[in-house]
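Structure, as structure tokens:
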Amino acid sequence: MELRELVNYLWVVVAAALVFFMQAGFSMVESGLTRSKNSINVAIKNLTDLGVSMIVFWLFGFALMFGNSRFGLAGSTGFLPDFSGSGAFGAAAFFLFQAMFASTSATIVSGAVAERMKYGGYILGTLFLSGLVYPLFGHWAWGGLGGESAGTGQGWLASIGFVDFAGSTVVHSVGGYVSLAALLVLGSRSGRFRKNGAPVKIPGSNIPLSVAGVIILWFGWIGFNGGSTLAMTDRVPSIILHTCLAGGAGMLSALFLGWAVTGIPDVTFVMNGSLAGLVAITANCHAVTSPEAVIIGAVAGAVMLAVDRLLEHFRVDDAVGAIPVHLAAGVWGTLAVGFFGDPELLAVTPIWGSQLAAQAIGIGACALWSFGVSYAFFRLLNLVFPLRVSPEDEKYGLNAAEHGASTELFELFSTMEEQAAGGDLSLRLPVEPFTEIGQIAERYNAVMAALERNTIAREEYQEIFRNVSDGLFLLDSSFRVLPAYSAATERIFGSRELAGKDIRAVFRDMLSPDKAARFEEFIALMFNPEHSERAVRAMNPLLATWFRVHRGYDAWDDKVLDVSFHRIQNGENEGVARVMAVTRDVTQVSALSREVKTLKSRLGGLGRVGAAVPDRAGA
């Protein structure tokens, strides 16, 4: 083997490795742009579609795409290829590179349908895309690309002069059309659109992770486009340069246009704008000039923004913007071959002598095939195997619902839900040290501990209220009885439902007019902070006082009640917030005192004995 040939194979393998690394970028972008309750599900779908597409492409996808062409529609040889022979290194390198492209097309779907599609349904969709949709259209455009070691004959699109150098349509638009078909069957995420159709932005869980993912994708695009030469030629450096120029132009275009329209330099403008530029240049990076590459990338950024708004208008919920980036920018990039491509570098004879016509036919064929067959597939599959998770699973997240995987946030919400349902204040959230969720859980636990202590204290307080023999009640500044009062209060005053009643009106029916008037003056002073509590309490007219208490029907009881009052200051100690009244029935004590007094007077006693309780006539 000559050194030149070895270098060519080495470059293809290195480029395949760069494209392989793009899978990590896709996983990071999609996981960061979705909510943390679904991040594991999104990541595992990216890994799964890599493995599934690789095996399916080896089994029969590669044969359908690059085998001997039958009528320009499909390959017919090369199933289950074996690359173990000593002369198979070229074919092995080519297969590896093309298998990475198949995986890239498949993984586009995972981001679009994120947060609502069942894992099993996604695997079936990946099998369908990488085993049928992608290889067949790939054969139409790239059949014969692998040389005689893979198969002979061109696909029908290639024969009419259709050009897609590295897959703006073959890879990206195919993935975008399959995504669109799946989304129309699945529907939007819960809460994504209001009833009036207005969109509601669902924030991502880790934008810095997504930004890092975009950088990895951009880096991988060096192999994606540069490796599509299938050899280390003098064109590789300019192809890589044009790729990077278009990515930068797409980023700036989307950023400043989006900023002008919304007034906010949204981070997704930067991320998706750069990816749109990279997708658009993929079809034509080998046949345009550097200024044209900048124009193509800039237009791609604008196209991405326009299609993103169009999807929102029609309430199509693309979780990561896969359709605007891959489908729309891919269509524009493929058309750009007709607008800007150098005929000498394209080296094809287009149908009707028009490169733009050949490109338009290829775009239309991709739309009819990729979207049409995928929509029918997902619609039929959904009838026998519902593709969407249940509303409850969507609420709690696919990490737990689909994989039984728990996250800190899920544990936090689960414990909170359990507390809300059962009212058990003793439950505590698991605390993971040195994380934001752990800090939230720690603070929540502290609040719950304080609430539990207060609740226990309140329950003890209420138990005291139920059993205390005295009448305890609170008055607000309007002299109204507050709802929380002891059970004995109603029994002592012979009145039910005291809450909310004006205590002056209540006592007015029980006291003599003179006592009632004096009490009204007294209670007003109790709420006046200008007078000391001690001085005001010395004027209390209701110590050991006769009350006329209603017993029911037309019956009344005369009771001697001792009512004392105490101020409760507000939190700043600048005024009186409440006045607490403590009422004790001393009727029996009063009667005993009078009896002792009478007995002593008969015996010639010298002193007054017992409490100074007035006679009924002097009340």
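The values are calculated or read from the model by the stated rules, or taken from the named source; none is laboratory data. Quick caveat, the model's predicted, so the values are computed rather than measured. Methodologically, a virtual Cβ is constructed for each residue, glycine included, from the backbone with ideal geometry; neighbour enumeration extends over all protein chains shown. Ligands, DNA and RNA are stripped out before the accessible areas are found, and what is left, the full protein with its side chains, is counted by its heavy atoms. Shrake-Rupley method; radii C 1.70, N 1.55, O 1.52, S 1.80 Å.
Tabulate in residue order the Karplus-calculated ³J(HN,Hα) for region 199-216, using 6.51 cos²θ - 1.76 cosθ + 1.60 with θ = phi - 60°, rounded to whole Hz; enter x for Gly and Pro.
So the J values, rounded to whole Hz, are x, 10, 6, 9, x, x, 8, 7, 5, x, 5, 5, 4, 4, x, 4, 4, 5.
I want to make sure I understand the PRE zone here: with the label point 7 angstrom from the Cα of Arg315 toward its beta carbon, which residues in region 164-181 have backbone N atoms less than 18 Å away?
Counting only backbone N, you get 181.
Want the number for His531 to His566: 0.36 nm per residue separation, take away the alpha-carbon distance, what's left?
Numbers: separation 35, 0.36 × 35 = 12.60 nm, distance 1.33 nm.
Once the chain is fully extended between His531 and His566, it gains 11.3 nm.
Please report, in whole Å³, the volume per residue of the convex hull around the C-alpha atoms of region 179-258.
Working: hull volume 11.7 nm³, N = 80.
Cα convex hull per residue, to the nearest whole number: 146 Å³.
What is the Rg over Rh value, at two decimals, for the chain, using alpha-carbon atoms and the Kirkwood definition of Rh?
Working: Rg = 41.3 Å, Rh = 30.4 Å.
Answer for the chain: 1.36.
Of all the C-alpha pairs in region 292-376, what % are more than 18 Å from each other? Each step should come with its number before you reach the end.
On the way: 1888 of 3570 pairs.
Roughly 53 percent, rounded to a whole number.
How many lysine pairs in the chain, separated by 8 or more positions in sequence or lying on different chains, have Cα atoms less than 29 Å apart?
19
Need one number: the % of Cα-Cα pairs in region 1-89 sitting beyond the 17 Å mark. Don't skip to the answer; put the middle values down first.
Working: 2639 of 3916 pairs.
Across region 1-89, Cα pairs with separations above 17 Å total 67 percent.
Please tell me the relative contact order of the chain in percent, rounded to the nearest whole number, where contacts are Cα pairs under 8 Å and at least six residues apart. Please report the intermediate quantities before stating the final value.
On the way: 1121 pairs, mean separation 80.5, N = 619.
Reported relative contact order: 13 percent.
Per residue, what accessible area does the chain have, given a 1.4 Å probe and all protein chains present, in Å²?
Values: 28600 Å² over 619 residues.
Per residue, the chain has an accessible area of 46 Å².
Between Glu497 and Lys195, 0.36 nm times their residue separation minus their Cα-Cα distance comes to what?
104.2 nm
Quick one: 3J(HN,Hα) in Hz for region 237-252, Karplus 6.51/-1.76/1.60 with θ = phi - 60°, rounded, Gly and Pro as x.
x, 5, 4, 5, 4, 4, 4, 5, 4, 5, x, x, 5, x, 4, 5
Just read off the accessible area of Asp509 with the full protein assembly in place, 1.4 Å probe, to the nearest 10 Å².
110
Return, for the Cα atoms of region 79-147, the radius of gyration and Dmax in Å, separated by a comma.
Rg then Dmax for region 79-147, in Å: 14.7, 47.
Based on DSSP H runs of at least 4 residues, each adding -39500 (n - 2.57), what is the mean residue ellipticity at 222 nm of the chain after dividing by all its residues, to the nearest 500 deg cm²/dmol? Could you put the intermediate results ahead of the total?
Values: 25 runs with 348 residues, N = 619.
Computed ellipticity for the chain at 222 nm equals -18000 deg cm²/dmol.
Using each residue's phi in region 524-540, evaluate 6.51 cos²θ - 1.76 cosθ + 1.60 at θ = phi - 60° and report the 3J(HN,Hα) Karplus result to the nearest Hz, with x for Gly and Pro.
5, 5, 4, 8, 9, x, 6, 9, 5, 5, 4, 5, 5, 5, 5, 9, 4
Where in the chain is the longest stretch that carries no GluC sites (Glu not before Pro) classed as loop by DSSP and with at most 16 other Cβ atoms within 10 Å? Walk me through the numbers before you get to the answer.
Numbers: sites that count: Glu2, Glu148, Glu497, Glu530, Glu572, Glu574.
My reading of the result: 149-496 is the longest stretch.
What's the percent breakdown of Cα-Cα distances in region 268-327 across 10 Å bins, shortest bin first?
25, 49, 21, 5
Taking amide H atoms as placed 1.01 Å from N in the peptide plane, list the residues 5 or more away in sequence, or in a different chain, whose amide H sits under 5 Å from that of Val560.
Sorted by chain and number, the residues that satisfy this are Phe547, Val586, Thr587.
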